[in-house]
Amino acid sequence: MKRSLLVAFAFLTPLLWARPVQAADPEQVQQLLATNTCPGCDLTNADLRQTHLIGADLRNADLTGAQLQEANLEGADLTGARLKQADLTDAFLTNASLNLTHLESVNLTRARLYNVEARGAVIADINLTDVKMWGTPISVGGE
């Protein structure tokens with residue numbers, strides 16, 4: 001009896017600590033794709049690879065962990081958005097607004113950032129490997 005309880009407890013204990021994986025709200029993903037506007041939406045872990053989000057309104061959206069590889073975000077307004085751990089490999093951001101955006105642990109490998117605004121953005125631990133930037137206030141290095 002004790003052994004059965006111990007075995008059951010051993011298998012159930014990890015479930016008590018497990019956190020559910022938060023995923024994007026499918027209705028909000030469809031709203032974004034249909035209307036190109038989704039301010040304040042929950043797009044956590046959304047698969048938005050190769051999407052054309054030209055001029056998209058993503059103000060204050062939660063894009064934590066979003067897959068944005070090869071996405072076209074030309075002219076997109078991401079003011080106040082959360083992009084923590086988002087993957088923007090090969091993404092295209094021209095004339096986009098990253099003002100007040102949270103860019104923590106973001107992958108910008110080979111991304112193109114031309115004339116992007118980033119006033120007040122929180123930038124930490126981002127990957128800028130082979131990124132192309134022009135007229136953008138994000139820089140590498142210290143003083």
Check: Which peptide among 91-97, 52-58 comes first, and what is the full order, when sorted by highest mean count of other Cβ atoms within 10 Å?
Finding: 91-97, 52-58
Next item on the list: Quick one: what are the phi-derived ³J(HN,Hα) couplings along the range 55-70, Karplus 6.51/-1.76/1.60 with θ = phi - 60°, whole Hz, x for glycine and proline?
Entry: x, 4, 9, 10, 4, 6, 6, 9, 10, 4, x, 5, 9, 10, 4, 6
Next item on the list: Would you mind ranking D77, D90 by Cβ crowding within 10 Å, fewest neighbours first?
Entry: D90, D77
Checklist line | Whole-Hz couplings from phi, Karplus 6.51/-1.76/1.60, listed for the range 80-89; x for Gly and Pro | finding: x, 6, 9, 10, 4, 6, 6, 10, 10, 4
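Please quote Rg/Rh for the range 54-138 to two decimal places, taking the Kirkwood radius as Rh and restricting both calculations to Cα atoms. Each step should come with its number before you reach the end.
Values: Rg = 10.8 Å, Rh = 12.0 Å.
Ratio of gyration radius to Kirkwood radius for the range 54-138: 0.90.
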Item checked: Packing rank of 80-86, 30-36, where each peptide gets the mean count of other beta carbons within 10 Å, highest leading -> 80-86, 30-36
Note to self: Can you sort V122, V116 from fewest to most other Cβ atoms within 10 Å of each residue's own Cβ?
What the structure shows: V122, V116
Next item on the list: Pop out the ³J(HN,Hα) list for the range 26-35 in order, Karplus 6.51 cos²θ - 1.76 cosθ + 1.60 with θ = phi - 60°, rounded to Hz; leave Gly and Pro as x.
Entry: x, 5, 6, 4, 5, 4, 4, 5, 7, 10
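Values quoted throughout were computed directly from the atomic coordinates according to the rules given, and no laboratory measurement underlies them. Keep in mind it's a predicted model, so treat the numbers as computed, not measured. Cβ sites come from the backbone with ideal geometry, for glycine too, and all protein chains shown count toward neighbours.
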